[in-house]
Each structure stands twice: as C-alpha cells, then as structure tokens.
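Data first, discussion second: the structure below is written as structure tokens.
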Amino acid sequence: MEIAKTIESVRNLVKAARSQGKKIGLVPTMGAFHIGHISLIEAAVKRCEFVVVSIFVNPTQFGPGEDFEKYPRPLDADLEICKKAGIDVVFAPAQEQMYGAENLTWINVEKLTEQLCGQSRPVHFRGVTTVCAKLFNIVEPDIAFFGQKDGQQAIVIKRMVADLNMPLEIAICPTIREPDGLAVSSRNKYLTKQQKKDATLIYKSLQKCRQMIDAGVTDSETIIAEMRKILSQAPSIKIEYISIVDAETLQTTDLIARQVLAAVAVRIGSARLIDNILVDAGG
Ligand code: AMP
C-alpha cells in the first residue's frame, strides 16, 4: 500500500493503474475509521481494481465553533485498517496541498443545501462539495463511494455530479449501525455511556416513522409528533430537527406520496448526531 501525501504522487499512482486498464475507486473520508468507513472501503475493493482512500479533515466544511480542532485524527490506526482491507493508495494530504493561502473558488449546490443540516451549518455543504470536486479532479475515479448515513450529503453530491457533468458514478452504501440501532459515527466518541444509550432513541424514532408510513399514515406532521415523543424520552436530547422530505428535492412534504427521506439531527452533550432512513410510501 502506498501513502501519497502530495497531489502529484497520487496522480502518478492512479495514472499507472489506469494505463493498465484498472477501474479506479475513491473513498473520501476524514479518517478516524469505524465499521461504517470499512463497509465503504470493502464495497470499493469489491467493485474496483485500484482503490484510493483519502483521509483529510477538511477545514472548509466546519463552521466557526464546530469540532475541527478536536476531530479525532488516529492516522496510524487508519493506515493499518486500509492495509488490511487491501487498499492500493491512501491519499493523506496536508492542508497546504488541498488549499492555497486563499481559496476563491467554491462549488455550491443551491436549494438542496438550504434544508435540514444546511439550516444550522450554512457553510458545511459548500465545503463538502468543494473538497469532493477537488478530490474527483485529483484522483479521477470511475466510482466514488459515500454512506447513506450522511443522507443529505449523498443527495447533494449526486446532484453536483449530474449538474456539472462529472464523469464518475456515485455509489451510496447502506448505514452501518450498532446492534442497538445507533448509527456508527466518529462523533459517538464524544458521548458518555448514558448519552450513548439515550442516542438509541434516534433510530427508534426513525423506525416509528417507517412503521407509520408502512401502516398507511400519509400526514407528515402526525408522524413527526410521534417521533418527537420518542426523542423527548431522554432529557439529554436536544432536537435540532425532525424532517420528512422528498428524497430528491428535499422539500417538505405534508402528504407522503413517494419516496421520502426521514431525517433527524440532535445534540447530546457536546455531540451533534444525525441519522436518516429512506422510506417508500405504500411499502
Ligand atoms: P466521514 O469520515 O465522517 O466524512 O465519512 C466518510 C464517509 O463514510 C461518508 O461518505 C459517510 O457517509 C460514510 N459513513 C460514516 N458513517 C457511516 C455509517 N455508519 N455507515 C455507512 N457509511 C458511513
């Protein structure tokens, strides 16, 4: 496994693989690997003959006062995981490689980034799409792999790729959960034992949503009220939003008629946790 720290070195490695006719996969990450990341890496290894994992804690997707500084960076453990998984290249650039002194060019996907997490994190998606566009230009993958865990991010990136005619496929992999349903996240490390237990209510509320839609309830407000009741069982949970939106446009749907994204964001202690499920009306 090669560790590339510069854009030039990762480009040369990918160029050599491409000249051998290999299909190139990219898994963009911020490191601190858990089984969610590993599932993406495994999916990439399965579908591609040459896999690049990028590890870069991207400063531009963190707002002021967010956890950029304290975000975990266990690089050696991450490299070990990549080696075991059969990754070809880890691209781990320093900040200076990815951004010059002043970045003047940004990618902004309109509308879709104004909903859900965009309301409390106004610069987040601009940072995500800009860094992903950079990574796509640097690595030129055939397929890039993302997790459904960040449902809005997946929709936004797919839209950027479609709108800008970027020549790659975006593969979305299922959310990996703890046995108790809690979506695995690097930010779960910020939780105490009790808070982690409380956090299981997030997925319970999403399951309730699925049950109600499956049972034929079509009124979003009724479902959201039930979800709120579940989340309110733990006083440690501060609800940021509970939303049921169209899975393509992310617009609020009062009446559930097609596929929806049910999404929840909460704060528990110092952690901000998000989760979501896709549900088809009528089963
Ligand atoms: P991050 O390092 O948090 O930026 O995440 C890198 C990628 O891993 C993103 O595409 C996430 O959606 C994905 N990911 C994070 N947690 C999970 C999870 N529990 N299940 C599936 N994918 C995940």
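The values are calculated or read from the model by the stated rules, or taken from the named source; none is laboratory data. In this text, all values refer to a predicted model and were calculated from it rather than measured experimentally. Positions of Cβ are generated from backbone atoms using ideal geometry, with glycine treated the same way; all protein chains shown enter the neighbour counts. In case anyone asks, the SASA skips ligands and DNA or RNA and just uses the protein heavy atoms, side chains included. Shrake-Rupley method; radii C 1.70, N 1.55, O 1.52, S 1.80 Å.
So the values come out like this:
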{"quantity": "Protection-proxy order for peptides 134-143, 66-75, 151-160, each taking the mean of Cβ atoms within 10 Å per residue, highest first", "calculated": "151-160, 134-143, 66-75"}
{"quantity": "Accessible area (Å², 1.4 Å probe, nearest 10) - Phe33", "calculated": "20 Å²"}
{"quantity": "Amide H within-cut-off set for Glu2, under 5 Å, with H built and near neighbours excluded", "calculated": "Val89, Val90"}
{"quantity": "Rounded to whole Hz, the Karplus (6.51, -1.76, 1.60) HN-Hα couplings of region 256-261, x for glycine and proline", "calculated": "7, 10, 9, 5, 10, 9"}
{"quantity": "Point-charge dipole on Cβ atoms (K/R +1, D/E -1) for region 201-283, about Cα centre, debye to 20", "calculated": "460 debye"}
{"quantity": "Amide proton proximity set for Gly147, modelled H, under 5 Å, gap of 5+", "calculated": "Cys173"}
{"quantity": "Size of electric dipole in the chain: Cβ of Lys, Arg +1 and of Asp, Glu -1, about Cα centre, debye, nearest 20", "calculated": "560 debye"}
{"quantity": "Members of Lys134/Lys208; Lys70/Lys238; Lys70/Lys229 lying beyond 28 Å, as alpha-carbon distances in this model show", "calculated": "Lys134/Lys208; Lys70/Lys229"}
{"quantity": "Probe 1.4 Å, all protein chains present, accessible-area order of Arg18, Arg121, largest first", "calculated": "Arg18, Arg121"}
{"quantity": "Reachable aspartates and glutamates from Lys22, criterion Cα separation under 16 angstrom, eight or more residues apart if same chain", "calculated": "Glu49, Asp88, Glu140, Asp142, Glu169"}
{"quantity": "Helical mean residue ellipticity (222 nm; -39500 (n - 2.57) per DSSP H run of 4+; nearest 500) of the chain", "calculated": "-11500 deg cm²/dmol"}
{"quantity": "Point-charge dipole on Cβ atoms (K/R +1, D/E -1) for region 63-137, about Cα centre, debye to 20", "calculated": "180 debye"}
{"quantity": "Solvent accessible area, Å² - Val90, 1.4 Å probe, full protein context", "calculated": "0 Å²"}
{"quantity": "With Cα atoms, 0 to 90° folded angle of helix 7-19 axis to the chain main axis", "calculated": "80 degrees"}
{"quantity": "Under Karplus coefficients 6.51, -1.76 and 1.60, residue-wise ³J(HN,Hα) of region 91-105 in Hz, glycine/proline x", "calculated": "9, 10, x, 6, 4, 5, 5, 8, 10, x, 4, 9, 8, 10, 10"}
